[in-house]
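For reference, the structure is listed below as structure tokens.
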Amino acid sequence: MRLLGPGVVALALGCFALATCPSRAADTNAIVNAWLASQTNLTTWQAELTQTRALSTLTQPLTARGRVWFAAPDRFRWELGEPPQTIAVRQPAEVVILYPRLKRAERYPLDAATTGPWKDAMTLLDAGFPRSRAELDAAFRIAALTETNGLHTLALQPRSVAARKLMPEIQLTFSPRDNVLRATQLRFTDGSLLRNDFTNVMTNPKLADSLFTPDIGADFQISEPAKGMKR
Amino acid sequence: MKRWLWLLLIPLALGLVRLRFDVEVLNLLPRELPVVQGLQLYQRHFAGANELLVTLEARDADRAEAAAQSLAKSLRAATNLVTAAHWQPPWLDQPEQSAELVAVAWLNQPPAEFARLTNQLANPTDTLAATRERLATSLSPEEIARASFDPFGLTQLPAAASAPAAFGRGDGMFASADGTFRVVIVKPRGALAGYPECAAWLAAIRAHIGAWQRENSADGVNLHFTGRPVFVAEIASGMERDLRNSVLGTLAIIAALFWWAHRSWRPLVRLLVLLTLTLGGALALGGLFIGTLNVVSLGFAAILLGLAVDYGLVLHQESLARPGASAAEVRREVSPGIIWSAVTTAGAFAVLNFSGLPGLGQLGTLVALGIALGAVVMLLAYPTNADCGAQTAAGDQRTVSSRSAGSQSDVALRSPPQSKMALFATLALIVACACFLFRGLPPLFHSADPLRPARSEAYTTAELIAQRLGGQRDPLWLVVSGRDEAEVARRLAAIQLTLQQAVSNQVLTNVLLPDAFWPNPAHQQANRESARWLTAQRETLRAAAQQAGFATNALSLTESILAVWSRAANATQPIWPTNAVSTWTLERFVARGEGGFLVAGLAQPGARAETDNALARLAKQLPGDGAWLTGWSLLGEALLGLVQRDLRFVLAPMLVVVLASLWLAFRRWTEVLLSLVALALSGLLLLAAMQAAGWSWNLLNLMAVPLLLGCGVDYGIHMQMALRRHGGDAARARRTTGRALLLCAATTATGFGSLAWSSNAGLASLGLVCAAGVTAAFLVAWGLLPGWWLWLHCNPLSLTPALSRWERENRRPLSADSNAPVTSARADFPPLPAGEGRGEGEMPPSPSKPSSLYGGLAWRLGLFAARVLPRAAVGFLCRAAAFAYWHAQPRRREVVIQNLLPLHGDDRASATLAARQLVRNFTRKLADLWRFESGAPVMETFNALAGWERFEAAHTRGRGVLLITLHLGNWELGGPIFTHKGHRLLALSNPEPDARLTELRQAARARWGVETLIVGNDPFAFVEVIKRLGAGDSVALLLDRPAEKSVVEVELFGRPFLASNAAAELARASGCAVVPVVIVRRGDGYAAQILPEAAYDRAALNNRDRRREFTGEILRAFEPWLRQHPDQWYHFVPIWPATATK
């Protein structure tokens, strides 16, 4: 029998308000395929973003500004806050989350053996940049495609039950004209929303490799929460 | 049975009633080992001590989740069976209850930490702003979720700094990552005290779940069960099954083997009844002295049956082989062997109590008690033929006769032991074993897996859960105990430093200790005032949160925590969480009972855990009393070390017992040494067999070594005792005791072998190794030991000072110059006057072993020498050969002396002189015979021929002439006397040792016109003889070499003598003339004397006694010639029956 630690309690509290909701799907193969086809030409991408978090426990949404860089096939860097309060750097084998103000860093390995909500969360973060229909279908089921103000919004449902319990739906909004990603929205089971609106989007800019190499200061406390390791 | 003996039934009945199954595997292990103590505490109080785990596996996650939810709901409805059923962490069902656990955890923190929280909440605005920032910028789903409902950061416990490490663990307890595999945890209603309760409850649950499956069409969902109730029910039912199957299977095989060997129902039934009584008695004694049977000790039943039956088989076999012996005689004969065998075997099993493994010790005690009981029961109650009456004896005697007449198995048993062959076979075996062991000895398996069930749904399912839910296969557990909360808290604090160092040194990678949740009385007391103050700040906190933009639902956790603190502020005793979620959670790592408290933690071995036995050293660094680092991986090493250490303590007394028993049994170092060599070779064979089969040693089957020492030595004792009893007659020893030992070994190996199907892997391996070892020990004792024994013992009869009447009467003779044994049930054997022979260290030879010189090769060499060498040279060689033979063959020499004693009035000196001359004469006779057979003129060697007219007179009557002679002089030379005179002569002969020699000698006679008829055991041979006699031909016959079916006891020199009644039978059948003939050496030539015809009344010969008398009369006609030429009566095997000495 597994021993429960404090993390279990934390999770219990985290799940305190999560609930499930139904989803729908639509046949939008043509549009999706066109958008996916454009993604194959995407090698790098960068944008400024405004992240809006509408949480059920807050009376008003929270907003934070930040920047995002992406390099195909699987590297990205998110910075939230000005100056950055949270930096997420994704490399092929791991995601490193930096909390500069707290001098804290967390490593999340993404090898094949790794499972659990973080792996699913990373899949969700990757969702904005699928490389092929097969890749998209492996992780998500297309629930719906809607058009609003000339922008297409693709609603995706995670195939992983664990991910679905965390975030039952993720929406990708893109312009059919240039097939550029304009926004993403994550909907949590308790109804909370996390929306990213991208501005100043640049396609295939030249990005320095150092962007995707986390700069962990010597005074940072590093942990690997997925393994429970600490030093 | 005396009446008071019935009183014994009372304690036996009490013992049987008291007997219980102990299903706890850890009770097999030594409690003094800390790792065992820790495991026992963990298994008893944690590990879902009383919970059932039902696993569900479906094709997709949704289906699995729906099924798990539905099943849990259905089980909850069965309130008569179930207290609770969880398909997901209970806090997901009742999340509001989690607050209590957090609140108490804060109270348990050091006052400084709680003060930090107090200070933090004293200025909530900053805290709330920080929370909002985290909510806005965090990328961690967990952090966002937590901060949303915990604006004041109350869930951020100091000890929970690594909380993300356990992310998902709660849900991971119930579902695999892909969601297709789920676990439902079921808590039974009421305590399931014993295995009957567990089995009944489990059956009811299975029935309920079966109904649920049918109602919900859950066919696509695979269900499995594990948890303590399943383990208990499974182990108990496995024990019952093992006990039943091993006992019935062993009894069935014993019955089959007995039937195969004896084909007699009554003794078989008696044997089975006595075995059952022995087993029942042993069980009752076990119940009285021990009270429980565990998964290992229950194996005693099959082992005991396999061993106890040996005593019955030995008794039965001996009684069969001694049809005339009384029951007391049979028992007296075999009781030393049985008693010493029981002593050594029981001793071997008893010393298992020194093994350090209580389970194995219990097995040893039970088997030892059972063996002692079995030996007594068999010796007292097993009926021999004398007890059974004539009918059974006759029936069994038929069995013996029919078998000795040539069944295949008996032929195998009668294979002559050749010392040289045995030595060669030994060498070959050693070389073969060395080939197998060239790459090394069977490895030593270090794991504790042998203690686990061999085939277990519960175990397999537990493994599956660990595999699918991503847990460790062999985690380590930290168990801390204490009389009260304070003592546990002190110990938890005390081991922290040691554990941190272990993590730093990479001996451990992670340690999860629930110290944050442990009620610390001192901390709670110190924090109460702060808690009271915080409770008073409730409104302030609420207002600040709302001002910071948090909704009302964000504060429910805070409200709940403050409520608990409010309660704690007024408490005087340590506060424990009490709601359902808290209780369920605490049960994972906290236990109360047995006058104290226990807490369990989890540790993961690090990269350097295996270096220098670091984990074991870490375990020793923990406080010896009250804190344990334990786990199955640690258990294997710890136990193996203990077993290896104790093996020395087991082997030492075992060797002493074996040596003492061997010495007391034999009182001769040569035989003691032979037994030890046999054991050593058996061990070598076992090692080779293990290597070939890919078996390894483990902590249980290592104990096979002392067991085999005790069991294996028995075969050597029995076999050497039999060799002594039978005067070194290895064939006879094999046919009697050897056959019994064959059955014994088969039944013992069966008893051990039946454990191969045991539900306990270690017991199964122990059974297999013991079965192989017993087989090896038997094969060596039966196949090789007699050869070694004969090689070492020149005078086996000197080892038989107390030959029984039956033994002396049942020696089997061999003819002097024929290797063909005369297999008579009543053969003769020379008496051994007390003290004679032994003083010189000389002993008679084995009667079953003719000279190895008598063979085709030696005969052809002789013929060649006689043809090419001058007569003088041949004579010289013969004298030299006689000299060498006399001095090199003391056994033969003694036989010849013994044979001649009656002819010399038991004057040994005179007989010895005659014997020496006999050997010289025999070599000369051989030289003459070889010349004769190589075609040299023979008639000129005769210097006298007397009584020819007697032959002519007899021949004239036309009814044929039966020429009777003895192994006296050179009887073969007589043939040409008759053929030269134009008479047809047929010589009757037994087959020679090999077919080539038979042909050789047949051809030699034919060269002189003498026909040969090989009689052997062919009953139709005499038809041809009668036909020849009817035609008026002459037939030559030796009378002092009785064939098996023609032997009769007559009187010669006033003493009983066994002769062939063939002459009397042929006379009765044909009416032929019976004419004794003597051809003896006289001077440089031979003298032939035809004695007066033996007259008889043919009609009177229809009477059996008369035929015997007539045989005696014929034989006594030779007495003067025998007295005159004792040194030409060539017998090199014993010829006088024992009664002749009385």
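The values are calculated or read from the model by the stated rules, or taken from the named source; none is laboratory data. Keep in mind that this is a model prediction, so the values were computed, not measured. As a convention, Cβ positions derive from the backbone with ideal geometry for all residues, glycine included, and neighbour counts pool all protein chains shown.
Restricting the stretch B:572-596 to residues that are under 46 Å from the mean Cα position of the chain (by Cα) and among the hydrophobic types (A, V, I, L, M, F, W, C) leaves a set whose member that is nearest to the other protein chains (Cβ to nearest Cβ) is B:F589. Being within 14 Å of chain A (Cβ to nearest Cβ) and more than 23 Å from B:F354 (Cβ to Cβ) holds for only one residue in B:A693, B:A600, B:A614, B:A665, and it is B:A600. Residue check: B:S1034 meets all listed conditions (1) closer than 24 Å to B:P1120 by Cβ; (2) surrounded by fewer than 23 Cβ atoms within 10 Å (Cβ to Cβ); (3) over 51 Å from the mean Cα position of the chain (by Cα); (4) not charged (D, E, K, R) but one, namely (2). Taken over the stretch A:46-99, residues that are surrounded by fewer than 20 Cβ atoms within 10 Å (Cβ to Cβ), among the polar types (S, T, N, Q) and within 12 Å of chain B (Cβ to nearest Cβ) amount to 6. Among the residues of the stretch B:652-685, the ones that are over 21 Å from B:P336 (Cβ atoms), out of contact with any helix residue (DSSP H, G or I) (no Cβ under 6 Å at 6 or more places or on another chain) and at pLDDT below 85 come to 2 in all. For the stretch A:58-82, a residue qualifies if it is of a type in the set (A, V, I, L, M) and assigned to a strand (DSSP E or B), and the qualifying residues are A:L58, A:L62, A:A64, A:V68, A:A71, A:L80.
Of everything in the stretch B:61-83, what is touching a strand residue (DSSP E or B) at 6+ places or on another chain (Cβ under 7 Å) and assigned to a helix (DSSP H, G or I)? Give them in sequence order. Correct list: B:A64, B:E65, B:A67, B:A68, B:L71, B:A72, B:L75, B:R76.
Among the residues making up the stretch B:956-989, those that are surrounded by fewer than 19 Cβ atoms within 10 Å (Cβ to Cβ) and assigned to a loop (DSSP other than H, G, I, E, B) are B:R957, B:G958, B:R959, B:K981, B:G982, B:H983, B:R984.
For the stretch A:118-129, state whether one or more residues are in contact with a Leu (Cβ under 8 Å, 6 or more places away or on another chain), away from every other protein chain (no Cβ under 11 Å), more than 26 Å from A:D190 (Cβ to Cβ) and at pLDDT 70 or above. So far as the stretch A:118-129 goes, no, none of its residues is in contact with a Leu (Cβ under 8 Å, 6 or more places away or on another chain), away from every other protein chain (no Cβ under 11 Å), more than 26 Å from A:D190 (Cβ to Cβ) and at pLDDT 70 or above. Consider the stretch B:201-233 and keep the residues that are among the aliphatic types (A, V, I, L, M) and under 36 Å from the mean Cα position of the chain (by Cα). The one that is nearest to the other protein chains (Cβ to nearest Cβ) is B:V230.
Filter the stretch A:155-192 down to residues that are of a type in the set (S, T, N, Q) and within 14 Å of another protein chain (Cβ to nearest Cβ) and give me whichever is surrounded by the fewest Cβ atoms within 10 Å (Cβ to Cβ). Residue satisfying both the conditions and the ranking: A:T189.
Of the strands (runs of 3 or more DSSP E) lying entirely inside the stretch B:1021-1075, those containing at least 3 residues that are under 30 Å from B:D906 (Cα atoms) are B:1047-1052, B:1055-1060.
Yes/no per residue for (1) under 23 Å from B:E972 (Cβ atoms); (2) buried (at least 19 other Cβ atoms within 10 Å of the Cβ):
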{"position": "B:L877", "(1), (2)": "yes, no"}
{"position": "B:A888", "(1), (2)": "no, no"}
{"position": "B:A914", "(1), (2)": "yes, yes"}
{"position": "B:K925", "(1), (2)": "yes, yes"}
{"position": "B:D928", "(1), (2)": "yes, yes"}
{"position": "B:G935", "(1), (2)": "yes, no"}
{"position": "B:V938", "(1), (2)": "yes, yes"}
{"position": "B:N943", "(1), (2)": "yes, no"}
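The residues on offer are B:L121, B:L101, B:L139, B:L128, and the sole one that is part of a helix (DSSP H, G or I) and facing chain A (nearest Cβ under 9 Å) is B:L101.
Just a yes or no: is a residue in the stretch B:8-22 closer than 30 Å to A:R159 by Cβ, of a type in the set (F, W, Y) and touching a helix residue (DSSP H, G or I) at 6+ places or on another chain (Cβ under 7 Å)? Scanning the stretch B:8-22 turns up no residue that is closer than 30 Å to A:R159 by Cβ, of a type in the set (F, W, Y) and touching a helix residue (DSSP H, G or I) at 6+ places or on another chain (Cβ under 7 Å). Every condition in (1) surrounded by fewer than 24 Cβ atoms within 10 Å (Cβ to Cβ); (2) more than 30 Å from B:F666 (Cβ to Cβ); (3) of a type in the set (V, I, T) holds for B:I339 except the one numbered (2). Output yes when any residue across the stretch B:281-288 is surrounded by fewer than 20 Cβ atoms within 10 Å (Cβ to Cβ), of a type outside the set (K, R) and either assigned to a loop (DSSP other than H, G, I, E, B) or modelled with pLDDT under 80 (or both), and no when none is. Looking for residues that are surrounded by fewer than 20 Cβ atoms within 10 Å (Cβ to Cβ), of a type outside the set (K, R) and either assigned to a loop (DSSP other than H, G, I, E, B) or modelled with pLDDT under 80 (or both), one finds none in the stretch B:281-288, hence no. Filtering the stretch B:39-51 to residues that are aliphatic (A, V, I, L, M), more than 11 Å from chain A (Cβ to nearest Cβ) and either in contact with a helix residue (DSSP H, G or I) (Cβ under 8 Å, 6 or more places away or on another chain) or under 25 Å from B:D178 (Cα atoms) (or both) leaves only B:L39.
Has the stretch B:1039-1053 got any residue that is assigned by TED's automatic domain parsing to the domain that holds B:R1108, without any contact (Cβ under 8 Å) to a residue 60 or more places away in the chain, over 30 Å from B:G1085 (Cα atoms) and crowded, with 23+ Cβ neighbours inside 10 Å? Taking every residue of the stretch B:1039-1053 in turn, none turns out to be assigned by TED's automatic domain parsing to the domain that holds B:R1108, without any contact (Cβ under 8 Å) to a residue 60 or more places away in the chain, over 30 Å from B:G1085 (Cα atoms) and crowded, with 23+ Cβ neighbours inside 10 Å. From the list B:A563, B:A569, B:A551, B:A536, the one residue that fits, being under 30 Å from A:T57 (Cα atoms), more than 14 Å from chain A (Cβ to nearest Cβ) and in contact with a Ser or Thr (Cβ under 7 Å, 6 or more places away or on another chain), is B:A569.
Selection of first residues in the stretch B:605-620 that are of a type outside the set (A, V, I, L, M, F, W, C) and of second residues that are outside any loop (DSSP other than H, G, I, E, B), restricted to Cβ pairs under 6 Å at least 6 apart or on distinct chains, gives the following pairs, ordered by first then second residue: B:G606/B:L508; B:G606/B:T509; B:R608/B:A614. Listed by position, the helices (runs of 4 or more DSSP H) inside the stretch B:370-449 whose residues that are in the same structural domain as B:V769 (by TED's automatic domain parsing), aromatic (F, W, Y) and modelled with pLDDT of 75 or more number at least 1 are B:419-436. When the stretch A:29-57 is filtered for residues that are under 30 Å from B:A544 (Cα atoms), of a type in the set (A, V, I, L, M) and not in a strand (DSSP E or B), only A:L55 remains. Per this entry, B:L639 is not counted among residues that are in contact with a helix residue (DSSP H, G or I) (Cβ under 6 Å, 6 or more places away or on another chain) and either assigned to a loop (DSSP other than H, G, I, E, B) or more than 30 Å from B:P90 (Cα to Cα) (or both).
Residues that are crowded, with 21+ Cβ neighbours inside 10 Å and either more than 18 Å from B:Q213 (Cβ to Cβ) or at the interface with chain A (Cβ under 9 Å from one of its Cβ atoms) (or both) within the stretch B:52-96 comprise B:L53, B:A61, B:A64, B:E65, B:H86, B:Q88, B:P89, B:P90, B:W91, B:P95, listed in sequence order.
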